[in-house]
Amino acid sequence: PHPSRTDRILLSLDAGQWPANFFFAGERVASTGAIVRAARDLGHVVGSEGARTESLKHSTLKEASRSIGRGIQLVAGPLGTTPALFRFPYGLSTPFLQDFVAEHGMRTMDWTLDSLDWKIRDPNELRRYLVGEMSKRDRGIVLLHDTLEQTALALPGILADLRERGIHPAVVVPN
């Protein structure tokens, strides 16, 4: 979470009554636990992506399992419970890492549409791109980053445009 950008994203989602899944890196949660609780309290599903946003695919098994376990622990702290979902940073995993997450009682989740908000810096261009892609697909799990300024700026317009096109929100809730 980001101290000001995530708050603005939560406000945009709440104003539009759009539920979302959030995957937080554990090390960022240490100083932003109130934001994690706010996301949960607003009805969003909060998951973990490990201790840091780093690819685990080429880490040793010990390093990867330590990062996953530490991230789960750090995100669980402000929630008061273990998160039920895990998202691998960059979408990169291995069968062993998938099993490791499952052994911790969590399900993994991935996205079907990368918003490219990490690459597209202009909020208006980001809005056009994402709304265009969602309009073509009519559904999908969108990857957005709550730590990026362009995402916080573009989100209100994105949500309005999607709603205008009849695309409605959904959230993945684990069993």
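Miscellaneous remarks
- Here the chain is scanned for trypsin sites (Lys or Arg not before Pro) in DSSP loops (not H, G, I, E, B) that have at most 12 other Cβ atoms within 10 Å, and the longest stretch holding none of them is 1-118.
- The relative contact order of the stretch 43-122, computed from alpha carbon pairs under 8 Å that lie at least 6 residues apart in sequence, is 32 percent.
- When Rg and the Kirkwood radius Rh are both evaluated on Cα atoms of the stretch 20-79, their ratio Rg/Rh stands at 1.02.
- Here the gap between residue 111 and residue 141, fully extended at 0.36 nm per residue and compared with their Cα-Cα distance, gives a gain of 10.3 nm.
- Remark: relative contact order (the chain) = 25 percent; criterion is Cα-Cα distance under 8 angstrom and separation of 6 or more residues.
- When Rg and the Kirkwood radius Rh are both evaluated on Cα atoms of the stretch 112-162, their ratio Rg/Rh stands at 0.91.
- Cβ charges +1 (Lys, Arg) and -1 (Asp, Glu), total dipole of the stretch 1-116, debye: 200
- Estimated FRET transfer efficiency when R0 is 22 angstrom, pair residue 133-residue 163 (beta carbons, to 0.05): 0.85
- Computed log₁₀ I(q)/I(0) - Debye formula, equal Cα scatterers, no solvent, the chain, q 0.10, 0.15, 0.17 Å⁻¹: -0.37, -0.84, -1.06
- Per-residue ellipticity at 222 nm from helix content only, as computed over the chain with -39500 (n - 2.57) for each DSSP H run of at least four residues, stands at -14500 deg cm²/dmol.
- Inter-label distance, residue 118 to residue 57: 1.1 nm, where each label sits 7 Å from its Cα along the C-beta direction.
- Convex hull of alpha carbon positions in the stretch 86-133: directionally averaged projected area 4.0 nm².
- Principal axes of the stretch 69-158: Cα extent on each, largest first, Å: 41, 27, 20
- The stretch 1-103: radius of gyration and largest Cα-Cα distance (Dmax), Å: 13.7, 43
- 21 Å Cα-Cα reach of residue 119 towards lysines, excluding residues that sit fewer than 8 places from it in its own chain: 136
- Mean separation of Cα contacts under 8 Å (6+ apart) over length of the stretch 22-61, as relative contact order %: 54
All of the numbers you see were taken from the coordinates with simple rules; none came from a lab. On a predicted model such as this, the values are computed, not experimentally measured, just so you know. Every residue, glycine among them, receives a Cβ derived from its backbone with ideal geometry; neighbour counts consider all protein chains shown.
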